[in-house]
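**Student:** Below you will find the structure I want to go over with you.
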Amino acid sequence: MIPDAASSRATLPPTATPRWAAPSTFADSLADAAFMAGGALYPIDQIVRAEPAWAGAWRQRLALRCATAAVRLAGRREDEAALRDAWLLRKPGDDPGPSGHILSAWKRLATRSTALDADVLETVAGLMSIRWDKSLAGLAAAFDELDPGGPAPPFSAAAIIAKACEIRIDAEALGWWAADMLLAQKLRWRVPVPLLMGQRFSTVFRAESGQGRIRPGEAGFERAVCLALVHAAAEASRLAADLARRAERLAAVTPKLRSKAAGDVIGLLLSEDAVSGSLQTKSLSRFASRRLFERLQQLEAVRELSGRTTFRIYGL
């Protein structure tokens, strides 16, 4: 049986970001920036609550964007393509490497519940190669203090990032990870949406003097986080609209597929950023997998994402 690709959930038309909350809109004050962030998050909230069939792929692609920024923050150079390769081309049991582990941390964020404690933070810190000590356990306590009470979602997100840097400057990435978790809790989302880390190097964090960048906890950081949410939400909304169209095309061609394992492959395409073209399952050989992906590409239902002729990778 073909999964939800053939259902109406696959074709949900995402709500457009209000024009007054678009990234190009000027926000001089903190209050204006916070108001814009709330408006920009509205379409994201609608997607999260509708949970369309392609929501998994949407979250995972956003996780890849955030992981790329986190890798850059860690002083490494891998881009999205390299991170995909590190993740998808490894053999079972292979270590994906430091950058692959960072991607793993963001993939976890995009699939887990919003519950957070010191054990979860310790695991994520390990994936990010951040040395764990008792001081970082205080980040979990700060998280609990900010939710369900505390400031509005954008300000709480800014506060948890600043707290991570206050505890230890090398734990900044952990703060950005916790910020999206906290945002999800405050908005009562069942699963977080990776948003903020992808904006870490955005121009919204450029100091007004033009010299340097606004650091967590500095004057203007809360406003910058609000504007980062505006940019992140706009990008996520555009991605959602694109994936909705592609999922609709996938649903339309599904009846033309003869492979008995097509349902499993379609389920992966709807739930993951990308799938290896040499995927093997109990009911799908490597040769049959290659033929199925080639057929899907001919039907314009998937894209080949690597640009290679071998070791190909496919996604919506």
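**Student:** Looking at segment 23-75, which of its residues are in contact with a strand residue (DSSP E or B) (Cβ under 9 Å, 6 or more places away or on another chain) and among the aromatic types (Phe, Trp, Tyr)?
**Tutor:** Answer for segment 23-75, where residues must be in contact with a strand residue (DSSP E or B) (Cβ under 9 Å, 6 or more places away or on another chain) and among the aromatic types (Phe, Trp, Tyr): there is none.
**Student:** Confirm whether Asp45 is of a type in the set (D, E, K, R), in a helix (DSSP H, G or I) and crowded, with 16+ Cβ neighbours inside 10 Å.
**Tutor:** Spelling it out, Asp45 is indeed of a type in the set (D, E, K, R), in a helix (DSSP H, G or I) and crowded, with 16+ Cβ neighbours inside 10 Å.
**Student:** Check off (1) buried (at least 17 other Cβ atoms within 10 Å of the Cβ); (2) over 26 Å from Gln46 (Cα atoms) for Phe201 and give me the number that stays unchecked.
**Tutor:** Condition not satisfied by Phe201: (1).
**Student:** Can you tell which of Glu122, Glu80 is surrounded by 14 or more Cβ atoms within 10 Å (Cβ to Cβ) and touching a Phe, Trp or Tyr at 6+ places or on another chain (Cβ under 6 Å)?
**Tutor:** Residue meeting the stated conditions: Glu122.
**Student:** Give segment 187-225 a look and list any residue that's in contact with a strand residue (DSSP E or B) (Cβ under 7 Å, 6 or more places away or on another chain) and assigned to a loop (DSSP other than H, G, I, E, B), or say none.
**Tutor:** Passing the criteria: only Ala207.
**Student:** Counting only residues that are acidic (Asp, Glu) and in a helix (DSSP H, G or I), which one in segment 136-169 is farthest from Thr114 (Cα to Cα)?
**Tutor:** Looking at residues that are acidic (Asp, Glu) and in a helix (DSSP H, G or I), I get Glu166.
**Student:** A follow-up question, please. Which condition does Gln280 not pass, out of (1) in contact with a Gly (Cβ under 8 Å, 6 or more places away or on another chain); (2) without any contact (Cβ under 8 Å) to a residue 40 or more places away in the chain, if it passes all the others?
**Tutor:** Exception for Gln280: condition (1).
**Student:** Can you tell which of Thr68, Thr114 is touching a residue at least 12 places away in the same chain (Cβ under 8 Å), surrounded by fewer than 21 Cβ atoms within 10 Å (Cβ to Cβ) and among the β-branched types (Val, Ile, Thr)?
**Tutor:** Thr114
For (1) touching a helix residue (DSSP H, G or I) at 6+ places or on another chain (Cβ under 9 Å); (2) not polar (S, T, N, Q), each residue gets a yes or a no:
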residue: Ser29; (1), (2): yes, no
residue: Ala40; (1), (2): yes, yes
residue: Gln46; (1), (2): no, no
residue: Arg49; (1), (2): no, yes
residue: Trp54; (1), (2): yes, yes
residue: Trp58; (1), (2): yes, yes
residue: Leu64; (1), (2): yes, yes
residue: Ala69; (1), (2): yes, yes
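Yes/no matrix, rows are residues, columns are (1) surrounded by fewer than 21 Cβ atoms within 10 Å (Cβ to Cβ); (2) touching a Pro at 6+ places or on another chain (Cβ under 8 Å):
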site	(1), (2)
Glu208	yes, no
Ile214	yes, no
Arg223	no, no
Glu235	yes, no
Ala247	no, yes
Ser271	yes, no
Ser285	yes, no
Glu300	yes, no
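**Student:** Which numbered condition in (1) in a helix (DSSP H, G or I); (2) within 26 Å of Leu229 (Cβ to Cβ) is the only one that Arg76 fails?
**Tutor:** For Arg76, the failing item is (1).
Quick note: the coordinates plus some simple rules give every number you see, no bench work behind them. Fair warning: this is a prediction, and the values are worked out from it, not measured in the lab. Neighbour counts are summed over all protein chains in view; Cβ atoms, including those assigned to glycine, are modelled from backbone coordinates with ideal geometry.
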